[in-house]
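Have a look at the structure below before the remarks.
Derivation of every value follows stated rules applied to the coordinates shown; laboratory data play no part. Values in this document were obtained by computation on a predicted structure and should not be read as measured data. Please note: Cβ atoms are built from the backbone with ideal geometry, for glycine as well, and neighbour counts cover all protein chains shown.
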Amino acid sequence: MDWERIMVVCLCHRVTDRDIARAARSGCTDYETLQDDLRVGTSCGNCDDCARSVFAECSCAGNPTPANGELAFA
Ligand code: FES
């Protein structure tokens, strides 16, 4: 079976790395708009650093899709 890795970034709002990538692909260009759209990071805030990193990775170089289908995290 071929399992696809999906990471839940925001537990409060059940936002995954794929949700963030999809938003970036759809033209979301700033983190505040991402928060308005997905509510990521708008409750406890524990996910904020990770969400920003994922969004930056998806947004940089106009390439919202990770090359290998996975997102790397610092
Ligand atoms: S885990 Fe994202 S706001 Fe709480």
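Taking other Cβ atoms within 10 Å as a rough exposure proxy, 59, 43, 26, 53 sort from fewest to most as 26, 43, 53, 59. Quick one: net charge around residue 30, please, counting Lys, Arg +1 and Asp, Glu -1 for every other residue with C-beta under 13 Å from its C-beta. With Lys, Arg at +1 and Asp, Glu at -1, the neighbours total -2.
Extending 7 Å from Cα along the Cβ direction at residue 14 and again at residue 42 yields two label points whose distance is 1.6 nm. Between residue 7 and residue 33, the contour length at 0.36 nm per residue exceeds the Cα-Cα span by 7.3 nm.
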